[in-house]
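In what follows, a single structure is set out as structure tokens and then discussed.
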Amino acid sequence: MTTIASTSAYELGPQNAKNIREDLGNVIFNVTPFMTPFTSGIAQAKASADNHEWLTDTYADSVDDNAAVEAEVIGSAEGSERTRKGNYVQIASKTVTVTKKAEMFDRAGVPGKEMAYQLMKKGKELQMDVEKQVLSNQIKVQPTNAVAGVSATVSSWIFANQKVSGADGVLNTASTGLTKPDPGTSEAMTQANLDDLLDGVWDNSGDFSSAKIMGSAGTISTLRNNAEISKGISTDVTTNAADGEIINRVAVYVSQFGPIAVVPNKHMPADTLYVLDYSTWGLAFAGGKKIHTTDIATQASAEQKLLECYYTLEARSEEANAAYYAINA
């Protein structure tokens, strides 16, 4: 079969004459998912000192014998005492350096300055670092001139409702940010443990309107595949009745107290499941904004910037939350 050889795409291509220009799209596709479902969903506050503090209070237990005699002389009674809690401000940082020469050239997918693109990317990476840190298992550390401050994480605050491995796990002993659980050897998730945790949340808060079950993809898969527990999992599919288009799909766990949204989170520890009431957490930032950008002097023909996030986690009512550790995924 006769073909045109001398001016074919193959002959003019990079293999031979190298006369055909490269085909490089003018868009950069970032394949890493950027999701921070916990820190993006809780309240934001302002931190004005390294030791950021807040107050918590509780209602007295209800009684069934509150009957008073008309016009009876009332004696004195003491008011309730509030609890003062605190957490240290942690500094998370990223640096970016771009040479002046790199800014002079035409770069695919970057219509403006390379520095602007890098700052946008590093800013998202910084937010993901914060998400991962607050969901990890760390106690607070007071900052000094030589020691980095550490913000106590969710696990360090949850005390009232928690489950660890029955074999060698150790529960968190307080809700001060100074202690943390030792999950122990992983074991199978059970319906009884999950029910106990949800009972505890109900007893201490009575409200699941802002609660979400959160875990890594593997832990959520374990929840779904557990024959005993998966009976409570359902999928709510919202559609447009006019054209049948699927608008949203939300997985929920139908508990004894009603449906609870199930949220996979790539930043969660692999063997942990949290029941988190978003209304009872806050993330406090120092300096009035999430991310601070500082120009760094260099001795080279380049531009360098420092991105910093000064933050700390507030546990406003740990009793309304629960933690299930050492789950065998």
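Structure data summary
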{"quantity": "Some residue of the stretch 267-290 being part of a loop (DSSP other than H, G, I, E, B), closer than 19 Å to GLU318 by Cα and in contact with a helix residue (DSSP H, G or I) (Cβ under 8 Å, 6 or more places away or on another chain)", "calculated": "yes"}
{"quantity": "Odd one out for ILE260, checked against (1) over 15 Å from the mean Cα position of the chain (by Cα); (2) over 30 Å from VAL96 (Cβ atoms); (3) open to solvent by 20 Å² or more (accessible area, probe 1.4 Å)", "calculated": "(3)"}
{"quantity": "Residues of the stretch 287-320 that turn out to be open to solvent by 60 Å² or more (accessible area, probe 1.4 Å), basic (Lys, Arg) and farther than 16 Å from TRP157 by Cα, as a count", "calculated": "2"}
{"quantity": "Residue check for ASN248: under 23 Å from LYS266 (Cα atoms) and either of a type in the set (A, V, I, L, M, F, W, C) or modelled with pLDDT under 85 (or both)", "calculated": "yes"}
{"quantity": "Flag if SER136 is of a type outside the set (D, E, K, R), touching a Pro at 6+ places or on another chain (Cβ under 7 Å) and either open to solvent by 40 Å² or more (accessible area, probe 1.4 Å) or at pLDDT 90 or above (or both)", "calculated": "yes"}
{"quantity": "Residue list for the stretch 79-116, filter: in a helix (DSSP H, G or I) and open to solvent by less than 50 Å² (accessible area, probe 1.4 Å)", "calculated": "ALA102, GLU103, GLU114, MET115"}
{"quantity": "Test result for LYS305, of a type in the set (Lys, Arg), over 18 Å from LEU55 (Cα atoms) and part of a strand (DSSP E or B)", "calculated": "yes"}
{"quantity": "From THR222, THR185, residue being among the β-branched types (Val, Ile, Thr), under 22 Å from the mean Cα position of the chain (by Cα) and modelled with pLDDT of 80 or more", "calculated": "THR222"}
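The values are calculated or read from the model by the stated rules, or taken from the named source; none is laboratory data. On a predicted model such as this, the values are computed, not experimentally measured, just so you know. Note: ideal-geometry Cβ built from the backbone for every residue, glycine included; neighbour counts use all protein chains shown. SASA here: full protein model, heavy atoms, side chains in, ligands and nucleic acids out. Shrake-Rupley method; radii C 1.70, N 1.55, O 1.52, S 1.80 Å.
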